[in-house]
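The structure under discussion appears below in the form of structure tokens.
The values are calculated or read from the model by the stated rules, or taken from the named source; none is laboratory data. Since the model is a prediction, treat every value here as computed from it, not as a measurement. Here the Cβ is made from the backbone with ideal geometry for all residues, glycine too, and neighbour counts use every protein chain on show. Just the protein is used for accessible areas: all its heavy atoms, side chains included, with ligands, DNA and RNA removed. Shrake-Rupley method; radii C 1.70, N 1.55, O 1.52, S 1.80 Å.
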Amino acid sequence: MPNMQNEKTPMPLQEGLVRITNFDEVALGYTEEQMMNEAERCLHCVNHPCTAGCPVSVMIPDFIKALKTGNIDEAYGVITKTNSFPSICGRVCPQENQCEKNCVRAIRGEAVAIGRLERYVADHHTPSVPEKPQANGMKVAVVGSGPAGLACAADLAKEGFAVTIYEALHEAGGVLRYGIPEFRLPKRIVDEQLDQLKQLGVTIETNVIVGKTLTMQELEEDGFQAVFIGSGAGLPKFMGIPGETAAGVFSANEVLTRVNLMKAYREDHLTPYYQSNHTIVVGGGNVAMDAARCARRLGKKVTVVYRRSLAEMPARKEEVEHAMDEDITFMTLHNPVEIYKDEKGFVKGVKLEKMELGEPDERGRRSPVPTGEMMDLVCDCVIMALGTSSNPLLVRSEPRLQTNPRGCLIVDEQQETTMKNVYAGGDAVSGAATVILALGAGKRAAASIIKALTPNKA
């Protein structure tokens with residue numbers, strides 16, 4: 001008989017006021033007993049609604065069934081048939097809006113904790129060296145080593161393509177490396193995934209900016225039969241309000257890159273971090289939560305300012321709860337209209353306008369409406385976490401690549417761009433989105449490349 005408890009088995013966590021003293025992983029993972037208790041909640045529905053909600057179509061009931069029998073390696077095999085990165089997805093995917101959203105158990109109570117079970121499988125399976133496939137004699141270049149690029153490279157390599165990933169930064173991993181904090185996604189896990197790709201024969205070249213140090217034309221001349229662009233959306237947005245150029249105003253991208261990629265939180269690294277007594281983080285998404293939680297560990301007081309209410313906040317509920325546990329203050333229904341500077345040009349405060357909720361916008365969230373009521377808030381650091389857009393550098397260097405009005409690459413149903421044999425996916429196409437959606441786009445592009453370059457394959 002299945003376990004009919006309505007609530008998910010709780011995830012063990014570091015205590016809130018303990019974890020702000022370190023960057024160790026907050027979620028500690030299930031024990032075997034907790035895993036089995038949660039796996040027993042799965043009803044094994046005949047029509048697999050959870051799988052329908054998964055962007056990479058993991059056969060979720062099948063891997064949970066294997067878990068129930070104690071066969072972790074079998075469960076891992078089920079997951080990795082369609083998802084090469086379960087240790088990452090189990091930690092950072094918004095399962096509550098995807099597979100778990102469709103879970104029948106969610107009708108009365110909470111969904112099965114699919115992500116937590118996926119993480120357990122990834123963390124406890126028996127590691128093995130992947131078998132290097134036979135080469136098919138064809139080369140594919142992948143631009144960017146974030147989730148979309150890694151997923152595309154993995155599927156191509158498994159089919160015998162010689163894949164070279166070009167990464168602009170000095171370390172591979174894309175947003176997994178520079179955007180997601182250590183306490184949510186330990187970088188050893190990213191390194192393990194990269195090592196698996198290398199074992200499949202994938203070459204990774206860092207410090208290469210395609211569109212600058214290497215052009216698309218040169219990739220063609222080098223004999224690559226296809227190119228996949230997964231360059232992400234790393235161009236930060238700002239508000240354009242008075243005082244925004246003050247010293248002490250940062251984009252969330254810069255803060256997270258300094259902390260995650262450059263290890264600014266470690267005493268043995270030389271990358272500086274702006275020392276603050278009170279940091280204001282503007283925004284309500286996952287990036288805002290990541291920036292706020294990093295700032296809390298490296299400063300003193302942190303306040304998240306968001307122009308809507310908590311109910312409209314797009315960040316994962318779990319991340320908001322973790323931020324609150326870490327004594328981060330939330331000031332909702334307020335929006336900055338000016339940043340105050342002292343006589344030396346440093347931030348000394350912000351002017352906030354009170355908002356109220358109006359009619360729903362095109363996404364169904366109630367739109368914020370200014371009230372004209374103002375207040376001042378003393379602070380010495382402001383982090384803007386307002387979203388990102390695609391970096392235009394690559395497109396400017398290659399006129400054959402067309403973009404939409406938002407600057408995102410235009411692709412067809414096969415993920416092919418307006419340039420023949422050049423495919424794209426992830427945030428470079430969709431705008432800033434989730435890791436799992438980028439993985440799904442990379443996999444679809446790989447399937448299209450395989451079909452185009454090996455049409456006679458059975």
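Taking all Cα pairs closer than 8 Å and separated by 6 or more residues, the relative contact order of region 131-177 comes to 47 percent.
Which value, in Å², gives the accessible area per residue of the chain when a 1.4 Å probe is used on the protein heavy atoms? Display every interim value, and only then the final one.
Values: 20880 Å² over 458 residues.
It amounts to 46 Å² per residue over the chain.
If DNA, RNA and ligands are ignored and the probe is 1.4 Å, what is the ranking of Ser430, Ser367, Ser128 by accessible area, most exposed first? Walk me through the numbers before you get to the answer.
Details: Ser430 60, Ser367 35, Ser128 85 Å².
Accessible-area ranking of Ser430, Ser367, Ser128, largest first: Ser128, Ser430, Ser367.
Across region 184-306, C-alpha contacts under 8 Å between residues 6 or more apart give a mean separation that, scaled by the residue count, equals a relative contact order of 15 percent.
May I ask you to compute the full-extension gain from Arg108 to Asp123, defined as 0.36 nm times their residue separation minus their alpha-carbon distance, rounded to one decimal in nm?
On the way: separation 15, 0.36 × 15 = 5.40 nm, distance 2.99 nm.
Extra length available between Arg108 and Asp123 comes to 2.4 nm.
Each listed q (0.14, 0.23 Å⁻¹) maps to a log10 I(q)/I(0) for region 196-286, found by the Debye formula over equal Cα scatterers with no solvent: -0.82, -1.28.
Over the Cα atoms of the chain, the radius of gyration divided by the Kirkwood radius equals 0.97; this is the Rg/Rh ratio. Between Ala247 and Asn207, the contour length at 0.36 nm per residue exceeds the Cα-Cα span by 11.5 nm.
For region 321-458, the fraction of C-alpha pairs more than 27 angstrom apart is 50%.
In this structure, the amide hydrogen of Asn391, modeled 1.01 Å from its nitrogen in the peptide plane, lies closer than 5 angstrom to those of Gly234, Leu235, counting only residues at least 5 positions away or on a different chain. Viscosity 0.692 mPa s, temperature 37 °C: give me the Stokes-Einstein translational D for region 242-285 in µm²/s, with Rh taken as the Kirkwood radius over C-alpha pairs. Roughly 278 µm²/s, to the nearest whole number. A viscosity of 1.002 mPa s and a temperature of 20 °C, combined with the Kirkwood radius over Cα pairs in Stokes-Einstein, give a translational diffusion coefficient for region 26-92 of 171 µm²/s. Calculated mean residue ellipticity at 222 nm for the chain: -8500 deg cm²/dmol, from DSSP H runs with n ≥ 4 weighted as -39500 (n - 2.57), summed, divided by the residue count and rounded to 500. Here the spin labels are modelled as points 7 Å beyond Cα on the Cα-Cβ line, and at Gln414 and Val337 they lie 5.4 nm apart.
Beyond 21 Å, how much of the Cα-Cα pair distribution for region 129-209 remains, as a whole percent?
Details: 810 of 3240 pairs.
Every Cα pair in region 129-209 considered, those over 21 Å come to 25 percent.
When only C-alpha pairs under 8 Å and at least 6 residues apart count, what is the relative contact order of region 114-219, in percent?
On the way: 143 pairs, mean separation 31.9, N = 106.
Worked out over region 114-219, it gives 30 percent.
Taking 0.36 nm per residue of sequence separation and removing the Cα-Cα distance, the Glu220/Leu270 pair yields an extension gain of 14.0 nm.
To the nearest Å, what is the center-to-center distance of region 55-93 and region 1-21, using C-alpha atoms only? What the calculation gives is 20 Å, centre to centre. A Stokes-Einstein calculation at 25 °C with viscosity 0.890 mPa s, built on the Kirkwood radius of region 220-373 over Cα pairs, returns a diffusion coefficient of 141 µm²/s. Quarter the surface of the alpha carbon convex hull of region 310-354 and you get the mean projected area, 4.3 square nanometres.
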